[in-house]
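Read through the structure below, which is laid out as structure tokens, and then see the notes.
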Amino acid sequence: MPPKTPLLDQVSAPAITRGFTVSQLKTLADELRLETIDAVSQTGGHLGAGLGVVELTVALHHVYETPRDILIWDVGHQAYPHKILTGRRDRIRTLRQGGGLSGFTKRAESEFDPFGAAHASTSISAALGFCAARDHAGRDNRVVAVIGDGSMSAGMAYEAMNNAAETTKQLTVILNDNDMSIAPPVGGMSAYMARLVSGGGYQSLRNLGKSVAKAFPRPIQEVARKAEEYARGMVTGGTLFEELGFYYVGPIDGHDMEALVAVLKNARDIVDRPVLVHVVTQKGKGYGPAESAADKHHAVVKFDVVTGQQAKAQAKAPSYTKVFATELIKQAHLDPTICAITAAMPSGTGLDLFGQVFPDRTYDVGIAEQHAVTFAAGLAADGMKPFAAIYSTFLQRGYDQVVHDVAIQGLPVRFAIDRAGLVGADGPTHAGSFDVGFMGALPGMVLMAAADEAELAHMVATAAAIDDRPSAFRYPRGEGTGVAIPEHATPLEIGKGRIVREGTAVALLSFGTRLPECLRAADMLGARGLSATVADARFAKPLDIDLVLRLAREHEALITIEEGAMGGFGAFVLEALARHGALDRGLKVRTLTLPDIFQDHDKPEIMYAQAGLDAEGVVRAALSALGADVVAAAGRRA
């Protein structure tokens, strides 16, 4: 008898699953989990969250008519099983690789990804937009948003929920509760109750009660409505969501396929008010190494499927993140007013290390960057020295607070901007491209970029010493260059750069960690007979005007190099040159920035080469600026 074809091999599109029995759906989920594990073992990526929603993914695509029905995943790092089920299985092993699938949902990638994601807490707002568009057009498709309990710590989710009941009658929000233990224990009774209150019988009885209540005066109608909600809340919980206008169902076991399918079908058919289905899942479910890991294998590199052992390369130098944390700990030993703030990223920002030493001076505010910034402003206003460690891409979410609550008041909040520049496999949603421009635009801001680990140590000390205005220092993801880090870092002189190598023909002015590439470019230019000065700006604001004018005066060409978008450091330099008349003397200037596109994910070194920010790109820019005659003459001399 020939072996049975795996069910997953039969699923070329989600519609095929709609004819499956619950037993077949369970088998499909098992196969999907194994496929996800095998794929991520080869590519790396976010594993634990996806394993936790395998049954939920299968059930959603079985119950709803995707892509006609809209399915939006918050953040998207749990969407790998969704990608496999929606026609992308043949490409799943290109995940996060150059030219391959994105690690998040992406509109350009599939019609089953109606809304792109990667930042938390956006799903309900986006889903509500789809609901309003649908209602306006008179369509009857369903809209579903899946959001994790971590993302529910952000105010944006509640802003959307508060607006939902006034905007639409059909929206289903799936609260994927996998970490915060906000639910009571789930089991057969809770699943039964969830099925009961979401089912047609209960809904009919409820509607009958509402119609009877209409015969009474309005105050009695309101008392009856609240009595029903609170009675149901006593049994199932969810009173908060009821107060926001949602019909609460749950909690249910997110790995019980029979309960999931039944409750989702019932929720799908509720069309008189938004519904919240509370599903309890386990990160890393079904894979022992993930289940037993402290982080549930949230993010992994390539690993051995049998042992779960990750193939991490031996670090040659400490990461910039660890250098920051180590230096901040040193400064905090010297100053009891120093404290640190993270927005749900303690390990990502290194503040887990700080928290081990100073637990009473460490604040994790959840996924709430806006609150983090204003919270830091309040601390600074009352004499503390807050360091807000936030990824560049996430600091964008708190920019209004940076402007209004910090900069206008001149409060000395110190922003440690991690993941500055390109971040490789996480792609454009996580790239730190814009902070130089948006932070540098603010009056009074001190803005620094570290060229290496030693410079980062000095910049932490510098920020700690600045008491009269806000400051920020940026540094990239990954390990440093291996330079020696001073035992006792000292503050830098504000607004002063440094000359690293003296030359005559062309000046390379670097802002950030492209400095080693600039030094390599100088060597390559030297081999052509072109002498190059290499300078490290250190500060974008206040800019070292004396250094910039000296470089302009003593060289035929000036090239600025930065790991940021147009409108940043290079623009500041150009403005200074124009203001001081340095461009009137025929100086040739080139500003090297990230390209004016959202670069797709790839290895960082490939992305920087594509951007022209490697040594070869710097050399090309210098040769172009100097012109053919100068280059030819230098070649004859060489």
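Can you tell me which aspartates and glutamates have their Cα less than 16 Å from the Cα of Lys316? Leave out same-chain residues fewer than eight positions away. Hits, sequence-local ones excluded: Asp452, Glu453, Glu479. Were the residues from Lys330 through Lys169 laid out at 0.36 nm apart, the gain over their Cα-Cα distance would be 52.4 nm. Shown is the FRET efficiency for Thr337 and Asp9, computed with R0 = 45 Å from the Cβ-Cβ distance and rounded to the nearest 0.05: 0.15. When the GluC sites (Glu not before Pro) in segment 487-594 are filtered for DSSP coil states and for at most 13 other beta-carbon atoms within 10 Å of their beta-carbon, the remaining sites are Glu487, Glu493, Glu502. Here the spin labels are modelled as points 7 Å beyond Cα on the Cα-Cβ line, and at Asp596 and Asn141 they lie 3.4 nm apart. In the chain, Cα pairs under 8 Å separated by at least six residues give a relative contact order of 11 percent. In whole angstrom, note down how far apart the Cα centers of segment 521-559 and segment 595-638 are. So the separation of the two Cα centres works out to 15 Å.
By the helix-only formula, in which each DSSP H run with n ≥ 4 contributes -39500 (n - 2.57) and the sum is divided by residues, the chain has a 222 nm mean residue ellipticity of -12000 deg cm²/dmol. For the residue pairs Lys106/Lys296; Lys26/Lys169; Lys106/Lys322; Lys330/Lys496; Lys330/Lys541, the alpha carbons lie more than 30 Å apart in Lys26/Lys169; Lys106/Lys322. Taking the convex hull of the alpha carbon positions in segment 498-637 and averaging its projected area over all directions gives 8.1 nm². Per-residue Karplus couplings for segment 132-145, computed as 6.51 cos²θ - 1.76 cosθ + 1.60 with θ equal to phi - 60°, are listed in order as 5, 5, 4, 4, 5, 8, x, 7, 10, 6, 8, 10, 10, 10 Hz, Gly and Pro entered as x.
For Leu558, the residues 5 or more places off, or on other chains, whose built amide H falls under 5 Å of its own are Ala507, Lys588, Val589, Arg590.
The label point for Ala133 and the one for Glu493, both projected 7 Å from the Cα toward the Cβ, are 5.6 nm apart. For segment 281-355, the pair-distance distribution built from all alpha carbon pairs, in bins 10 Å wide starting at 0, is 16, 34, 30, 16, 4 percent. Along each principal axis, taking the top coordinate minus the bottom one, the Cα set of segment 409-482 gives 38, 28, 13 Å in descending order.
Taking every DSSP bridge with both residues inside segment 498-637, close to 15 percent are antiparallel. Taken over the alpha carbons of segment 320-474 as equal point scatterers, the Debye sum produces base-10 log I(q)/I(0) values at 0.09, 0.14, 0.16 Å⁻¹ of -0.23, -0.58, -0.79.
Among the GluC sites (Glu not before Pro) in segment 81-177, those located in a DSSP loop and surrounded by at most 12 other Cβ atoms within 10 Å of their own Cβ are Glu111. For segment 571-634, the equivalent ellipsoid derived from the alpha-carbon gyration tensor has semi-axes of 27, 19, 7 Å in decreasing order. Computed from backbone phi, the HN-Hα couplings of segment 249-261 come to 10, x, x, 10, 6, x, 10, 9, 4, 4, 5, 4, 4 Hz, rounded to whole numbers (Karplus: 6.51 cos²θ - 1.76 cosθ + 1.60, θ = phi - 60°; Gly and Pro given as x). Efficiency by 1/(1 + (r/R0)^6): what FRET value for Asp295 and Ala628, r their Cβ-Cβ distance, R0 = 41 Å, to the nearest 0.05? For Asp295 and Ala628, the calculated efficiency is 0.15. Bridges between two residues of the chain, per DSSP, are antiparallel at a rate of about 15%.
With everything on Cα atoms, drop me the angle between helix 320-334 and the longest principal axis of the chain, reported from 0 to 90° to the nearest 10. Helix 320-334 and the main axis of the chain meet at about 80 degrees.
Quick note: the coordinates plus some simple rules give every number you see, no bench work behind them. Nothing here was measured: the structure is a model prediction, and the numbers come from that model. No Cβ is skipped: glycine too gets one built from the backbone with ideal geometry, and neighbour counts run over all protein chains shown.
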